[in-house]
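K.L.:
Have a look at the structure that comes next, please.
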Amino acid sequence: MKSSDLLTPLLVFFILTGCSSRGITPSASNCYGNGQPGCEQYWGGGKPKLVTIDPPVTDEFIRKFKIPSKEKYINRSEVYVFKRWSKPGTSKLEKEKALLECGSGEYLNDHGYQHMKNTSLEDYNAGLIRIQRCMLQDGFRYLGKFEPCSGHNPPSSCQIAAPARDLNTRVNSQYCVANAYIDACQPQSIERILATDKCQKSPYLYFCQPSYYGIDICERYPKSENCQPEQDTITQEKPNSGSSTYLPQSRSVDMTNQLQRNVQNQNNRQMNDMLRNVAPR
């Protein structure tokens, strides 16, 4: 074995032992080994878990991404993100659907920036309160920090009856019309899916194929991480005030690659059949 082959594992070993000896707090950025003390939450089944680290919402962050309102952005991030909610037995995908059925789609389309620009802070927060109360009524537990109704002088919107989840609110929201191909927005008509900008620009994508939408995604891939039910035991940990505006897509990279290969193989078979039919005998 070449000496260079030993260099990488030795470096990793020294980094791990050095971190533990200096008492560095374990985090997603320095937990590299399975079984490393304090890193249990970043590993599962012998494999590292995917951890999303939210950037802090600083004034520089607001300027960099041209966000219309820092306060509105933070409040929205504390309500519409699926990880702010917990309900044992409920999957990530079901949380996304619940939030959309409670009205979060109004805050998602075009990153929600136009809604920030055109809505007063009072009305903006009132909509978030309705989403929050709808989720609580449906049995979810809130883990975020947006709690305007718990103060001494709560806004009038706190007195409005909590709305119920509504399927039409989800599938017909501007967000789901513009992104009709994503799992959280199903069921959608093929016509609406093919009319999206994504499928207009790239009609060969696997989710733009009519045959793809015959089966529910969690029936097709029941072991997908996004379809796994939440465990009964949860640890309530207040998240940071910032959060990414990115709504994760509910398909893994491996699943995407497999589906694209399936579509390509089908196209190849059709092409071969056509060539056999027109070839001279």
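K.L.:
For 216, 123, what's the fewest-to-most ordering of other Cβ within 10 Å of each Cβ?
P.N.:
Listing 216, 123 from fewest to most nearby Cβ atoms yields 123, 216.
K.L.:
Students often get this wrong, so check it: of 97/198; 92/198; 97/145; 70/145, which have C-alpha atoms separated by over 26 Å?
P.N.:
With Cα atoms farther than 26 Å apart: none of 97/198; 92/198; 97/145; 70/145.
K.L.:
Oh, and also: With a point put 7 Å past each Cα toward its Cβ, work out how far residue 177 is from residue 164 in nm, to one decimal.
P.N.:
Placing both labels 7 Å along Cα→Cβ, they lie 2.5 nm apart.
K.L.:
Moving to a separate point now. As a footprinting exposure proxy, order 102, 149, 218, 176 by other Cβ within 10 Å, with the fewest listed first.
P.N.:
Going from sparsest to densest Cβ surroundings: 149, 218, 176, 102.
No lab work stands behind these numbers, since they all come straight from the coordinates. Everything numeric in this text was worked out from a predicted model, so none of it was measured. We place every Cβ from the backbone using ideal geometry, glycine too, and count neighbours over all the protein chains shown.
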